[in-house]
Amino acid sequence: MYRNLLLGLLMGIAGQAEAQKNPFDTRIDVRMGQRVFRAECGRCHGRDAKGNDETGAPDLTTGSFSAASTEAKLFEVVRDGIPGTTMIGIGWAPDETIWQVVAYIDSLNLNPDDVDLPGSADQGQKLYNGKGNCTSCHMLGGSGGRLGPDLSTVGNRRDPDELKEDLLEPNETVLPRWWTMRITRADGSVTEGLRMNEDTFTLRIMDKEENLWHFSKSQIRSSKRTETSTMPSASETLTMSEVDDLVAYLFSLRKES
Ligand code: HEC
Ligand code: HEC
């Protein structure tokens with residue numbers, strides 16, 4: 001009888017542990033969760049969950065929570081909010097959606113030391129500064145080029161899967177900031193580069209050497225916009241294991257904020 005009681009207890013505990021584990025934590029769930037977060041929570045916590053002093057909504061990327069110490073608690077907070085505060089939950093949403101938001105929040109709190117990645121961060125750093133030629137376009141820790149986004153905090157913005165995608169498929173999502181323009185002057189000469197700014201009459205672009213060019217629109221024959229990335233896909237320039245090394249390196253830059 002004791003034995004049954006004990007077994008029941010153990011099973012109870014196991015059952016509980018099971019219930020606490022997020023059943024919706026694939027990469028797609030994280031994406032869905034991010035979408036819900038931006039729609040429902042971003043106005044208080046900020047689009048990237050970094051918190052907002054004006055609304056008093058805390059940074060959710062610091063790796064520690066005061067009201068939500070376990071995954072199950074996090075689920076409850078997201079569902080029910082925190083009574084007596086402006087923090088309101090999304091209790092109207094199905095459990096699946098709530099878990100997806102939890103998965104997204106978890107993804108922001110990964111600690112690089114706890115994540116087992118196939119690549120070597122040390123090798124990645126060598127590739128980054130050497131063969132990969134990444135410094136020619138990217139700023140990191142205050143040095144490098146300005147033809148691509150600053151990567152100093154990329155480990156906080158992107159998880160390892162996303163970083164891999166950034167490297168292999170740069171054209172997947174390219175913000176307008178990184179679109180290029182090809183300008184043909186009245187005399188037929190051509191200049192190509194990133195569009196820095198544009199108004200009704202003028203246009204400024206930065207070429208590959210980071211020279212700035214200023215055009216008055218009345219003087220150009222034509223301009224053509226390209227919405228693809230200037231970044232070469234790593235699938236053409238590097239091996240898959242080198243890509244893994246770069247991912248490990250970039251992810252190791254993740255900082256606690
Ligand atoms: C109207 C503003 C507002 C909205 C919308 C909002 N929050 Fe909050 N949230 C807050 C505030 C303020 C707190 C801090 C409450 C307190 O004083 O404990 C908080 C606290 C939290 C915490 C607890 C943090 C900790 O340290 O334990 C989590 C988790 C959280 N929010 C997630 C979310 C999610 C997910 C959403 C969207 C479904 C959301 N919040 C929507 C304002 C908001
Ligand atoms: C010719 C310039 C160029 C080179 C070389 C280059 N990149 Fe990029 N990179 C860009 C541009 C432009 C973007 C932004 C557009 C996009 O998403 O592709 C970008 C985007 C990225 C992103 C996504 C950043 C974010 O904030 O989401 C990562 C990560 C990245 N590059 C890493 C690398 C690494 C690692 C290397 C070296 C192997 C490299 N890049 C080489 C131009 C370059």
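Below, the figures for the structure above:
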| read-out | value |
| --- | --- |
| Helices (runs of 4 or more DSSP H) enclosed by segment 37-128 - at least 1 residues per element that are within 16 Å of the chain's Cα centre (by Cα) and closer than 17 Å to ARG157 by Cα | 42-45, 95-108 |
| Hey, ARG35 exposed (fewer than 15 other Cβ atoms within 10 Å of the Cβ), modelled with pLDDT under 95 and of a type in the set (D, E, K, R) or not | no |
| Tabulated pairs, segment 147-171, first assigned to a helix (DSSP H, G or I), second away from ligand 1 (no atom under 16 Å from the Cβ) and of a type in the set (Phe, Trp, Tyr), C-beta under 7 angstrom, 6+ apart or interchain | GLY155/PHE251; PRO160/PHE251; LEU163/PHE251 |
| Candidates VAL77, VAL102 - the one that is touching a Leu at 6+ places or on another chain (Cβ under 6 Å), at pLDDT 95 or above and more than 13 Å from ligand 2 (Cβ to nearest atom) | VAL102 |
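The values are calculated or read from the model by the stated rules, or taken from the named source; none is laboratory data. What you see is a predicted model; the values in this text were computed from it and never measured. Counting neighbours? That spans all protein chains shown, and the Cβs are built from the backbone with ideal geometry, glycine included.
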